[in-house]
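Only one structure is covered here, and it is reproduced in the block below.
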2 protein chains.
Amino acid sequence: MDTTQRTDQQRSADRRRRELLEAADRVVLRDGPGASMNAIAAEAGITKPILYRHFGDKGGLYAALAKRHTDALLEALRAALDAPAERRERVESTLDTYLAAIEARPQVYRFLMHPAEGGQPGDQGFDVGKHSAPLLRRMGEELAEVIEERVDLGPGSQQLARVWGHGIVGMMHAAGDWWLGERPCPRAELVRSLADLLWGRLAAAGDKIGGPGF
Amino acid sequence: MDTTQRTDQQRSADRRRRELLEAADRVVLRDGPGASMNAIAAEAGITKPILYRHFGDKGGLYAALAKRHTDALLEALRAALDAPAERRERVESTLDTYLAAIEARPQVYRFLMHPAEGGQPGDQGFDVGKHSAPLLRRMGEELAEVIEERVDLGPGSQQLARVWGHGIVGMMHAAGDWWLGERPCPRAELVRSLADLLWGRLAAAGDKIGGPGF
DNA sequence: ACTAAGCTGTTACTTGCGGTAACTGGAGTG
DNA sequence: CACTCCAGTTACCGCAAGTAACAGCTTAGT
């Protein structure tokens, strides 16, 4: 027996797991994030307990599912973040990468960020909250690292970089979410507007009429 | 019959509704957002169907509950936003108001923003997603209005103001969420860091060592 | 005073989900 | 051939949302 056999089993288990995840992906993208375990199992051509053997509980499946997309997105963002270019260009490219991703696959995005939507009444969502947050947190932490590592911020730089990392990610996320819902302008314009904000245009702008402006 | 009688009934109904909401508030703050309708009804000293008569479904109760806190918070933010002071001071005051609010009542905050957490396995959360978003959206829109109304942004100012409104709110939210979880620094420092970010300090800072920084 | 609404409240039920226990059939190994 | 693993199944439990259908009290109409 042994190592070879074990690896064989493990391989087949891993393959199965991937198949299950792909099936789950299809269902979630079709039925929205409120898809039931039964539905996912049916799509995969099997029944519930198998899902539970592989993923523990619904949160586990959700986590595994989210991890795939999350990792892919983070990879893309890292690339944009590490590209050789000036800071402004790099910021814009990162923003654009993120926005292009959520624009290209809004279903995935809504699953990651706003699970437990789009269901009929009586719908109970996934095990929300433990997974959408992590994506934003991870993005924030990664951005913080890059900032701290490349930008000279003087004393207290680490703290500052983390605040900024999470703050910028939140800005990107909220603006992207709103933009995705209303599509008030082309992507490039949104990117430029956000970069302008980060570049201090709010502080530089003059007051409009009476009294001190915001 | 009629108006007088109706008003009487309506008054008593409204009072009842308020009592129910207060009971729901207590339960949600005690048990987390996963509280069951049964538990809420029990806290109010009555049983489920009454809740359903008053609020339609769980989403309705949730919405009503969220609206109270949301309105209160927005009121406070409006005050900070409209105070007579310079722009930077006003921005800091608004940030501080928001952060003070979530710091003072983190349970309420988590209920508004991250419902469907803190439950045991098998817990199905509230009807998430339809309510946490609205708060952020409303804040974003209000901020956008204030910006557009007071800051001179040249052509395309309305679009730009909305982008910034949602972006800034998202920044505040994400940074606040992270800060509330880790408490890495006093509130005042967070406020200053975020204001610095909005004031373009990221753009102004120099690169650290090799190559163009972020 | 008696009945008819109309309110608040109840108990008891249905439905549908997440999650689990216990059984079934087939493939490899002495 | 017996024995052990597995993938897989059916059938079930618990629990929460939501819904009848019924019970009592207050109030109005005649």
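The values are calculated or read from the model by the stated rules, or taken from the named source; none is laboratory data. What you see is a predicted model; the values in this text were computed from it and never measured. With ideal geometry, Cβ positions are generated from the backbone for all residues, glycine too; neighbour counts draw on all protein chains shown. Note: areas computed on protein heavy atoms with side chains; ligands, DNA, RNA excluded. Shrake-Rupley method; radii C 1.70, N 1.55, O 1.52, S 1.80 Å.
How much accessible area is lost when chains A and B come together, counting both sides, with a 1.4 Å probe, in Å² rounded to the nearest 100?
Details: alone 13050 and 13040 Å², together 20270 Å².
In total, this chain pair buries about 5800 Å².
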Would you mind getting the accessible area per residue of region B:9-202, heavy atoms of the protein chains only, 1.4 Å probe, in Å²?
44 Å²
Counting Lys and Arg as +1 and Asp and Glu as -1, each charge on the Cβ, what is the dipole of region B:9-202 about the Cα centre in debye, to the nearest 20?
620 debye
Per-pair calculated FRET efficiency, R0 = 30 Å: A:ARG30 and A:ARG183 via Cβ, rounded to 0.05
0.85
What is the distance, in nm, between label points placed 7 Å from the Cα along the Cα-to-Cβ direction at B:LYS208 and at A:TYR52?
4.8 nm
Volume per residue that the Cα convex hull of region B:142-214 spans, once the total is divided by residue count, Å³:
131 Å³
Taking max minus min of the Cα coordinates of region A:3-203 on each principal axis, largest first, gives extents in Å of 58, 48, 26
Rounded to the nearest 0.05, what FRET efficiency do B:GLU75 and A:ARG18 give with R0 = 51 Å and r taken as the Cβ-Cβ distance? Could you check?
0.50
Report the normalised scattering of region B:45-90 as log10 I(q)/I(0) at q = 0.21, 0.25 Å⁻¹, calculated by the Debye formula with identical scatterers on the alpha carbons.
-0.73, -0.86
Estimated inter-spin distance, A:ALA100 and B:GLU86, nm [label 7 Å along Cα→Cβ]
4.1 nm
Expressed in angstrom and rounded, the centroid-to-centroid distance over alpha carbons for region B:25-77 and region A:165-203 is 34 Å
